[in-house]
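**Q** Have a look at the structure that comes next, please.
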Amino acid sequence: MSSEPLGYDAPPRWGWIASPMWAIEQAYGRARNKDAAVDHARVRIFFVLAIFFAAFAFLAFGATRAALFSDAGDRGAYKPLYDTARADLVDRNGRLLAADLLHYGLYVDPREIWNADEIRKALRTELPQIEAHRLERALAGKKRAYVLGSLTPAVRNRVNALGLPGVTFEPEEHRAYPLGATAAHVIGFADPAGVGLAGAERAFNDEIRARSDSGKPVALSIDLRIQGALEDELERAAIKHQVKGAVGIVTNVQTGEILGLASYPDFDPNDPGASSADAQVNRAGSTVFEMGSTFKAFTVAAGLDAGVATPQSRFDATKPFKLGYRTIHDYHAARKVLTLVEVFQHSSNIGTAKLGVALGPERLRHYFDVLGLTKPAKVELVESARPLTPKVWNEDAVASTSFGHGINVTPLALSRAMGALLNGGRTIPLTLLKRDPGYRPDGVQALSPQTSQQMLYMMRANVTGGSGGSADAPGLRVGGKTGTGEKYDPSIRGYSHSKQVSSFAAVFPTSGAPSDTRYFVLILMDEPKPTKDTYGYSTGGWTAAPAAGRTIDRIAPFLGVARDMTPFDPFASPETAKVEDGR
Amino acid sequence: MRVLDWKVRGFRLVDLVALGLLIVLMLGVYLAKTLAGRERGEIARVEKQISQERQRVRLLEAEVAHLEAPARIERLSVDYLGMAPPVAAREIAPQALAEHAVEEPPKRKETTP
């Protein structure tokens, strides 16, 4: 065939296709000459077959490709069904705190019901929580209506087993908090539409919703073991002292991570409406308190950092200190000349006020500013409240604020500022998100590392020979400062002697370099009542310090802080005898 | 005789081959679609099963979290086992265990004379 001459001059590269086509033409030409009518039909049949062949070849290719390379079943990750979906919340060790779980909504279709009384009776017996008016409206309506949501699969099965006509279910996502009241104020809660309303649920709302597709949880900074111990000790102390409210906070002072945060009373986020509004208040972030003597730590740190005083500087506390129209007394007067360490240990108002005056209003305010005490605590929680600060920073403001009066801050703001005193002098933001090991956030260098080191020693000295003795935990080198602030009582237009805010700000371990990892623990009680074993006192040293000590004793193993029984008391001297009132 | 002119029982061979190929293709498409449909059905069934299992796993995870809640564990351990947080004196680091291990002197066998 290839030896025959072609009918036209085809380019050589088309020869492989032109030759057979020309041969077909010739074949049909010969056939046409023999029997043209038959050949016309054959040609048509041939072309029809060719078209069908091409069409089915195309379909076969598509069908085979669809069968072999389809992406059906390639959805390995769980994908929530609805836009309200939220990612899981877990603690720093991956333990579940909040999750979307499959629940069911109950629907009633009156068109399929012929005995409404029977349905009404059966549903109200099986589901007592059903709202009567909603059920009546659905039964009296003309179309299928939603009656009740958030039903567990077990409840759905129970109702299904009744075989009620016109009663059906639709799946729906429901936010569940399996730990109940544990860490309720940290986790917060979300509404049925999938919008976070409080706590981490609100603070990280966008991230939680964005991650629902990937199935990756949002890891919070809290450690459930620490949270559990903190809540337990706080609740125990709160019940013992019949407090109005209480707060417990544990932070890592180098990373700013909040490892535990408890607010008493608590609530169940699965049913926040069942709790009072007071129980839902996160007192750690949204309530401001006059902290009292805990603030002396800031004044002393400012005095040391500004070079106004050294730990051995002496202050005359033999008699009350008159400043303007005010006379400042010591709660438990030492009536002697005190070193700065002793001022701290005895929690001397006179000594601290004199140090504050030496600093001056501008410098004291500057230190309060850089420590973050004059602004809302830098933390993701939207509940972080503004502090109440003096309108004018004059000598009177100095006298008050130097020992924690006339300035109200949140426990979170106090924790953040205390962290700067104990971490080498950096004011860093607090965070509720888990950070990688070795994380060091950017911060403001508020104090020198040397001042921080001195404060660590001073706080340790306050526990070994001062008002915080009951917070000591064997071998954990606990340091701290007690605080007792009298509350303003509008009914008497003055400070009440019976209503106090008692606190203990603790740190452990105090040994090591300022840049070492250590932990801050705050226990605060609002209006604690004295008990027999506190000899009528309700001050921080008698109420909050023991709870802080017990908490530290319990959480230290979780944090990997080993006990070291080596004596640590660099400022011990006969003059620093333990004071009895614990103020 | 040309290949295109070959006939079998009056039908041109080329037409018969084309018809055979067409039938094979039709059958192929039918089988491919049928098998694919069956596979899709199977995949959908497995997917549904996976989804249900995932839901069950999540429910179980939530239940475990509830059962392991610190407050609950503590209440049970105190109420039923009388347990309490260990005191410092009862704690010991693993590396210090050797120091505290008391070696019992080997017992001598008493023999009668």
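**Q** Out of curiosity, is A:Arg75 open to solvent by 70 Å² or more (accessible area, probe 1.4 Å), modelled with pLDDT of 70 or more and within 12 Å of chain B (Cβ to nearest Cβ)?
**A** It is false that A:Arg75 is open to solvent by 70 Å² or more (accessible area, probe 1.4 Å), modelled with pLDDT of 70 or more and within 12 Å of chain B (Cβ to nearest Cβ).
**Q** In the stretch B:41-57, what residues are facing chain A (nearest Cβ under 7 Å) and out of contact with any Phe, Trp or Tyr (no Cβ under 8 Å at 6 or more places or on another chain)? Working first, answer last.
**A** Pass one, the stretch B:41-57, residues facing chain A (nearest Cβ under 7 Å): B:43, B:46-47, B:54-55.
Once the filter is applied, which keeps residues that are facing chain A (nearest Cβ under 7 Å) and out of contact with any Phe, Trp or Tyr (no Cβ under 8 Å at 6 or more places or on another chain), the stretch B:41-57 yields B:Ile43, B:Val46, B:Glu47, B:Gln55.
**Q** Please tell me if A:Thr517 is more than 13 Å from A:Gly404 (Cα to Cα) and surrounded by fewer than 24 Cβ atoms within 10 Å (Cβ to Cβ).
**A** yes
**Q** Do we have any residue at all in the stretch A:336-355 that's part of a loop (DSSP other than H, G, I, E, B), over 38 Å from the mean Cα position of the chain (by Cα) and of a type in the set (Gly, Ala, Ser)?
**A** no
Yes/no per residue for (1) open to solvent by less than 10 Å² (accessible area, probe 1.4 Å); (2) touching a strand residue (DSSP E or B) at 6+ places or on another chain (Cβ under 8 Å):
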residue: A:Val341; (1), (2): yes, no
residue: A:Phe344; (1), (2): yes, yes
residue: A:Ser348; (1), (2): yes, yes
residue: A:Thr352; (1), (2): yes, no
residue: A:Val357; (1), (2): no, yes
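**Q** Could you tell me which numbered condition A:Pro429 fails, if it satisfies all but one of (1) under 14 Å from A:Ala284 (Cβ atoms); (2) part of a loop (DSSP other than H, G, I, E, B); (3) touching a Lys or Arg at 6+ places or on another chain (Cβ under 7 Å)?
**A** (1)
**Q** Let me ask you something else. On the given criteria, is A:Ser415 of a type in the set (Gly, Ala, Ser) and open to solvent by less than 10 Å² (accessible area, probe 1.4 Å)?
**A** yes
**Q** Next question, about the same structure. Take residues that are over 20 Å from the mean Cα position of the chain (by Cα) and within 14 Å of chain B (Cβ to nearest Cβ) and tell me which of the helices (runs of 4 or more DSSP H) falling wholly in the stretch A:146-226 contain 3 or more.
**A** A:153-160
**Q** Kindly list, by first and then second residue, each pair from a residue in the stretch A:43-57 that is more than 10 Å from every other protein chain (Cβ to nearest Cβ) to a residue that is charged (D, E, K, R), limited to pairs with Cβ atoms under 7 Å and residues at least 6 apart or on different chains.
**A** Sorted first by the residue in the stretch A:43-57, then by its partner, the list stays empty.
**Q** Report whether or not A:Ala277 is among the small types (Gly, Ala, Ser) and without any contact (Cβ under 8 Å) to a residue 12 or more places away in the chain.
**A** Working: among the small types (Gly, Ala, Ser): yes; without any contact (Cβ under 8 Å) to a residue 12 or more places away in the chain: yes.
In short, yes.
**Q** On to the next question. Among the residues of the stretch A:406-426, what is the count of those that are farther than 14 Å from A:Ala297 by Cβ and assigned to a loop (DSSP other than H, G, I, E, B)? Outline the logic, then answer.
**A** Taking the stretch A:406-426 and keeping what is farther than 14 Å from A:Ala297 by Cβ, we get A:406, A:408, A:410-412, A:424, A:426.
Adding the requirement that they be assigned to a loop (DSSP other than H, G, I, E, B) leaves A:406, A:410, A:424.
Looking only at that region, the number is 3.
**Q** In this structure, does A:Val370 turn out to be open to solvent by 10 Å² or more (accessible area, probe 1.4 Å), at pLDDT 95 or above and in the same structural domain as A:Leu414 (by TED's automatic domain parsing)?
**A** Here the answer is yes, as A:Val370 does meet what is asked.
**Q** Which of (1) more than 7 Å from every other protein chain (Cβ to nearest Cβ); (2) within 25 Å of A:Ile226 (Cα to Cα) does B:Thr34 not meet, given it meets every other one?
**A** (2)
**Q** Given the conditions (1) among the aliphatic types (A, V, I, L, M); (2) at pLDDT 85 or above; (3) closer than 18 Å to A:Phe52 by Cβ, which single one is not true for B:Leu35?
**A** Result: B:Leu35 passes all but (3).
**Q** Conditions first: (1) more than 26 Å from A:Asp436 (Cβ to Cβ); (2) out of contact with any helix residue (DSSP H, G or I) (no Cβ under 9 Å at 6 or more places or on another chain); (3) small (Gly, Ala, Ser). A:Ala210 passes all but one, so which condition is the exception?
**A** With (1) more than 26 Å from A:Asp436 (Cβ to Cβ); (2) out of contact with any helix residue (DSSP H, G or I) (no Cβ under 9 Å at 6 or more places or on another chain); (3) small (Gly, Ala, Ser) applied to A:Ala210, the lone miss is (1).
**Q** Counting just the residues of the stretch A:465-502 that are modelled with pLDDT of 90 or more and of a type in the set (S, T, N, Q), which one comes out surrounded by the fewest Cβ atoms within 10 Å (Cβ to Cβ)?
**A** Per the stated criteria, the residue is A:Ser470.
**Q** So, A:Ala377, is that one buried (at least 23 other Cβ atoms within 10 Å of the Cβ), in contact with a Gly (Cβ under 8 Å, 6 or more places away or on another chain), within 30 Å of A:Leu261 (Cβ to Cβ) and assigned by TED's automatic domain parsing to the domain that holds A:Phe520 or not?
**A** yes
**Q** Which of the strands (runs of 3 or more DSSP E) contained wholly in the stretch A:234-322 include at least 2 residues that are buried (at least 24 other Cβ atoms within 10 Å of the Cβ)?
**A** Working: elements: A:245-252, A:258-264, A:314-316.
Per the criteria, A:245-252, A:258-264.
**Q** Ok, one more. For the stretch A:386-405: of the residues being closer than 14 Å to A:Arg363 by Cα and in a loop (DSSP other than H, G, I, E, B), which is most open to solvent (accessible area, probe 1.4 Å)?
**A** A:Val392
**Q** To continue, here is another question. Condition test on A:Ala461, is it under 20 Å from the mean Cα position of the chain (by Cα) and at pLDDT below 95?
**A** When the stated conditions are applied, A:Ala461 does not pass them.
**Q** Output the helices (runs of 4 or more DSSP H) that fall wholly within the stretch B:10-110 and possess 2 or more residues being surrounded by 11 or more Cβ atoms within 10 Å (Cβ to Cβ), or say none.
**A** Once the helices (runs of 4 or more DSSP H) in the stretch B:10-110 are filtered for at least 2 residues that are surrounded by 11 or more Cβ atoms within 10 Å (Cβ to Cβ), what remains is B:13-67, B:70-81.
**Q** Pairs, please: C-beta under 8 Å, at least 6 apart or cross-chain, first residue acidic (Asp, Glu) and in the stretch A:466-486, second part of a loop (DSSP other than H, G, I, E, B) and open to solvent by less than 10 Å² (accessible area, probe 1.4 Å)?
**A** Every condition considered, the pairs that remain are A:Asp472/A:Val478.
The values are calculated or read from the model by the stated rules, or taken from the named source; none is laboratory data. All of these numbers come straight from a predicted model, not from anything done at the bench. When we count neighbours, we look across all protein chains shown, and the Cβ atoms used for this are built from the backbone with ideal geometry, even at glycine. The area values use the complete protein model at the heavy-atom level, side chains included, leaving out ligands, DNA and RNA. Shrake-Rupley method; radii C 1.70, N 1.55, O 1.52, S 1.80 Å.
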